[in-house]
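Asks: Have a look at this one before I ask anything.
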Amino acid sequence: MMRINNYSWVSIYFSSLALIATFGVNFTLGRITYTGYFINCNLARMFLVFSAIFMALNYGYYLFLIPISLLSYVIPPEFISPLIFLISLTTLKNARGLKTIFLIADSLGITYLIFYIFHIYVNYLVLPLILIQDGFTPIIIPLMFLGIIYGLGRKIKYDALRIPWYFPFIIVLLIVMLPLTPLNIFHYPETVDWRFYYQWLIKPELGWFFYSRPLYLSLLFALSKLVNALTLSQLEMIPLSILYLFSAYNLGNSLQKGLGPLSALMAAVSPSLLTFLYSGLDSNLFSISLFFLSLSYLINGKLKTSIALSYVALLSHVYAWAQLEGGVILYIIAERVIFHDVKKTYLDYVKYTSPMFVIGIALILTGILPVPFGDSFNNIYSQLSILSWGTANAFLYYAISIYGLDGTHKLIYSLYVTSILAIIPLSVVQNLIIDIPFFIPAAIGISKLKNVGRSILLFFIIWGLYMSLNSFPYIYKGVSI
């Protein structure tokens, strides 16, 4: 029985603070990742008890949570905090309590960006953004696995939030080009991988680096005859990000009319793009962009173009293609076996692309194309919060994406499920996550939230700009800090 006074948001606030105080927060400023901030186990225990009490006041059947919260005084709160937080989310019946939080976070974030332009670094202004995105790392992967169950429920299509088609491209150009402005005294991106591409262009050689992305390197090599190799390596992220958004735009529109612009915007501010911005992985970005374009043509019945793009994606980055191709093949086979109703173009796609998938799996299993099998659960936390400067650590983005899974096309849902399940045998959590087209369910999740979705959308834009500005070192009196 629910009481007249609704304490749902109070219990969620306390459980959130408990989770943050238990595990701490890792965040990046000036391309330096700071770890273990705000840990206080005594405060965490107190917050857990408060959260349980307010849940019990709101819903009597949650009374059992009070003794469970008190267990945090006996056993480490690391075992209790995630449980209490996830249960507190079930008490949420509407998103009204979000609006005030995001209005405050957005206002402070805009102020931070303005100050930054004048080289005034008031980092406390982005604390709400940091806590929301980076403060819930331990429950991201459990939430993703729960998303598999949540996404099984099929709902009607949601009307997409309307934005101008060109707006996402403006945002992504801002994000990827800020490191090239005078704000960065070095005037070149700190992205890791461009150096490897430059070294290969200067001295090309055969080997694993070439064999895993032959077409992309060949394309770069040809372009390096027209454009200086150093310039090409440093600036390749700009056209690649445009291609990524173009693929997101087309895939969104092919799945639902009018979803393209919002899908593209969610791709522009996604943890995937930010990871590529910080770490490079350029051939990976090129490959998944072409694969998403391939899917859009497949959905629209253009089989030959779809197959051609799929093979180009394969030759650009074998591993990314294999991950996504597996999800497509399993979806089409499941539709055929379970529902006996699948488009002929889908079956033809499987017929012409599955042989290469089988060959790829054989090469992986025989060790010719090495894949890091192993226990991923021991390093999930570090892969999300530290690897690539924590760019893949974006709790709110994933939560909104999972919220939109129930309105997502079954093909995209299949890509999500197979990639998340692959986390179990493979120890490359970040690589698996950044290849998922989260921008589709994220766009639907934002649309479901309606008016509140606009303030959350602004939050993501500010987050993307904040991460871009911190992708290069601070400069103080001529010294990088």
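The values are calculated or read from the model by the stated rules, or taken from the named source; none is laboratory data. Every value quoted in this text rests on a predicted model; they were computed, and no experiment measured them. Counting neighbours? That spans all protein chains shown, and the Cβs are built from the backbone with ideal geometry, glycine included. Calculation scope for accessible area: heavy atoms of the full protein, side chains included, ligands and nucleic acids excluded. Shrake-Rupley method; radii C 1.70, N 1.55, O 1.52, S 1.80 Å.
Asks: What's the FRET efficiency of Leu223 with Ile39 using the Cβ-Cβ distance as r and R₀ = 41 Å, to the nearest 0.05?
Replies: 0.30
Asks: What is the Cα centroid distance between region 327-379 and region 64-133, reported in whole angstrom?
Replies: If we compute the Cα centre of each part, the gap is 38 Å.
Asks: Set Lys and Arg Cβ to +1 and Asp and Glu Cβ to -1, take the dipole of the chain about its Cα centre, and tell me which of Ala268, Pro182, Ile68 lies farthest positive.
Replies: Positive-end residue among those listed: Ala268.
Asks: Please report, in debye to the nearest 20, how large the charge dipole of region 287-380 is about its Cα centre when each Lys and Arg carries +1 at its beta carbon and each Asp and Glu carries -1 there.
Replies: Dipole about the Cα centre, nearest 20: 360 debye.
Asks: Just want the answer: with Cβ charges of +1 for Lys and Arg and -1 for Asp and Glu, which residue in Phe50, Thr111, Thr90 is farthest toward the dipole's positive end in region 47-184?
Replies: Thr90
Asks: Order 8-14, 421-427 from most to least packed using the mean count of other Cβ atoms within 10 Å.
Replies: So the order, starting with the most tightly packed, is 8-14, 421-427.
Asks: Helix-only mean residue ellipticity at 222 nm, the chain, DSSP H runs n ≥ 4 weighted -39,500 (n - 2.57), per residue, nearest 500. What is it?
Replies: -19500 deg cm²/dmol
Asks: Related question: Put +1 on the Cβ of each Lys and Arg and -1 on the Cβ of each Asp and Glu in the chain; which of Gln199, Thr33, Val429 then has its Cα farthest toward the positive end of the dipole?
Replies: Val429
Asks: Using a probe of 1.4 angstrom, how much of the accessible area of the chain is carbon and sulfur, in percent? Working shown, then result.
Replies: On the way: 14520 of 20500 Å².
C and S atoms contribute 71 percent here.
Asks: DSSP loop trypsin sites (Lys or Arg not before Pro) in region 245-317 with at most 12 other Cβ atoms within 10 Å of their Cβ, which ones? Working shown, then result.
Replies: On the way: sites: Lys257, Lys302, Lys304; in loops: Lys257, Lys302.
In loop regions of region 245-317 (DSSP not H, G, I, E or B), the sparsely surrounded trypsin sites (Lys or Arg not before Pro) are Lys257.
Asks: List the chymotrypsin sites (Phe, Trp or Tyr not before Pro) within region 316-401 that fall in a DSSP loop (any state other than H, G, I, E or B) and whose Cβ has at most 15 other Cβ atoms within 10 Å.
Replies: Here the chymotrypsin sites (Phe, Trp or Tyr not before Pro) that fit, given the DSSP loop and packing criteria, are Phe377.
Asks: Next question. Are there trypsin sites (Lys or Arg not before Pro) in region 353-452 that DSSP marks as loop and that have at most 13 other Cβ atoms within 10 Å, and which are they?
Replies: Passing sites in region 353-452 are Lys450.
Asks: Restricting to Cα pairs below 8 Å that are 6+ residues apart, what does the relative contact order work out to for region 201-271? Please round to a whole percent.
Replies: 20 percent
Asks: Rounded to the nearest 20 debye, what is the charge dipole size of the chain about its Cα centre when +1 sits on each Lys and Arg Cβ and -1 on each Asp and Glu Cβ?
Replies: Computed about the Cα centre, the dipole is about 1060 debye.
Asks: For region 23-97, count the residues as N, evaluate 2.2 N^0.38 Å, and divide the Cα radius of gyration by that value, please.
Replies: Ratio of Rg to 2.2 N^0.38 Å for region 23-97: 1.30.
Asks: With charges set only on the Cβ (+1 for Lys and Arg, -1 for Asp and Glu), what does the dipole of region 294-449 come to about its Cα centre, in debye to the nearest 20?
Replies: 420 debye
Asks: Whole number in Å², please: accessible area per residue of the chain, 1.4 Å probe, ligands, DNA and RNA not counted.
Replies: On the way: 20500 Å² over 481 residues.
For the chain, the solvent-accessible area averages 43 Å² per residue.
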